[in-house]
1. Please name which of Val269, Ala81, Leu319 has its Cα lying farthest along the dipole of the chain towards the positive end, using unit charges on Cβ (Lys, Arg +1; Asp, Glu -1) and the Cα centre as origin.
2. For the chain, give the share of DSSP beta bridges that are antiparallel, in percent and rounded to the nearest 5; count only bridges with both residues there.
3. Each label point is 7 Å from the Cα along the Cα-to-Cβ direction; what then is the distance between the points at Arg178 and Trp224, in nm?
4. Mind checking which aspartates and glutamates have their Cα closer than 14 Å to the Cα of Lys107? Skip sequence neighbours fewer than 8 apart in that chain.
5. When only C-alpha pairs under 8 Å and at least 6 residues apart count, what is the relative contact order of region 70-164, in percent?
6. Can you give me the C-alpha center-to-center distance between region 137-188 and region 75-134, rounded to a whole angstrom?
7. Rounded, prolate or oblate, given the Cα gyration tensor of region 135-276, with a/c below 1.5 counting as rounded?
8. If the cut-off is a Cα-Cα distance under 19 Å, which lysines reach Lys345, setting aside same-chain residues fewer than 8 apart in sequence?
Amino acid sequence: MGRLRLPSSWLWARGRAVAPRGQTDGSQGRGGSGRFHLVSPLLESAALSEAAGAKVYMKLENVQPTGSFKIRGIGYLCQEAARTGCRRFVCSSGGNAGLAAAYAAGKLGLPATVVVPGSAGEAVRRRLRDLGAEVEVCGQVWDEANRRALELAEAEGCMSIHPFDHPLIWQGHASLVRELRDSLESKPDAVVLSVGGGGLLAGVVAGLREVGWPDVPVLAAETWGAHSLHAALRAGRLVSLPRIASVAKSLGALTVSARALQCAREHPVLSEVVEDAEAVRAVERFLDDERLLVEPACGAALALLYAGRLRRLRGEGRLPPALASVVVVVCGGSDIHAAELRALKSRLGLP
Ligand code: PLV
């Protein structure tokens, strides 16, 4: 069966997948199985607002089942795959997409194999097994694990659940923007998020168009060493990084998806790259400010606010001089704990 293809009954309209009448996009729940993600909290952060010089709302995706936004799109893709006859999921993942796939598989009563690179921490591997998934470790970076997952997915009844590159994943992630529309009084002046392979970016851009906010700029954060979107934008085409040289392992896709690059061309997307140290400092500061522990992958987006990038972009005229409100997607991540944060700080020579 191999890689899941978009069911032919789905339409592709203005860059987004549209379910035919009678099907839903995962937001409302379907066929008794319901959606797997929560409507996540949207909270104002005094500390981030102070740092950014604008009112900052946090979209708290770290409280989703399995600890990240991934369950939105992956949960939806898995539901659709099960509906179209899939009997086993095979997911390659830096960790969080695999956790979402394992969780969705459990809900759907189907087995899952998750292939992770050696860089995925032992705690994540254990959590995957606790969720009932078979775990295979292959290669050092996600791209190598992905090649192995595609091989495994060739088996009868298996489907490959890609961590970021599928229209149904983007459609599922777009639910995040529909929730923003439902809870904010007016549209935000910018959305800040992290980019790995670009699934979250593609989903948020799809959602912004869908709710009639096509002019809201997206600040796309990456770390140096995992800056595949930035490199592609600079080159004007998709390029592969030679290796992943960042502690933000969940952002570690050597090549960003074609859809992410296309989004950055069709939508106002400002690509910003931070140092690992800035991302890790942001993780620690966020823990102190909001008492929430997130991965460096998420720290990259927070760092744009803490390190004054928003102020700089306004100064450069790349964002309007006065911003009423900004939303930061607190994408979360499970591959972090207190000892890991201490280890990261010591590795980066941070006090
Ligand atoms: N992580 C993917 C890809 O890893 C995974 O397999 O879990 N923030 C967190 C906490 C993430 O886990 C990820 C993706 C991202 C941000 C970036 O999301 P994307 O890939 O949709 O841009 C290699």
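Just so it is clear, none of the values below were taken in a lab; they were calculated from the coordinates. Bear in mind that the values here come from a model prediction, so they are computed numbers and not experimental data. Cβ placement follows ideal geometry from the backbone for every residue including glycine, while neighbour counts extend to all protein chains displayed.
1. It is Ala81, whose Cα lies furthest towards the positive end.
2. Given both bridge residues lie in the chain, the antiparallel proportion sits at roughly 20 percent.
3. 4.1 nm
4. Glu80, Asp130
5. Once normalised by length, the contact order is 35 percent.
6. Answer, in whole Å: 11.
7. oblate
8. Correct list for Lys345: Lys249.
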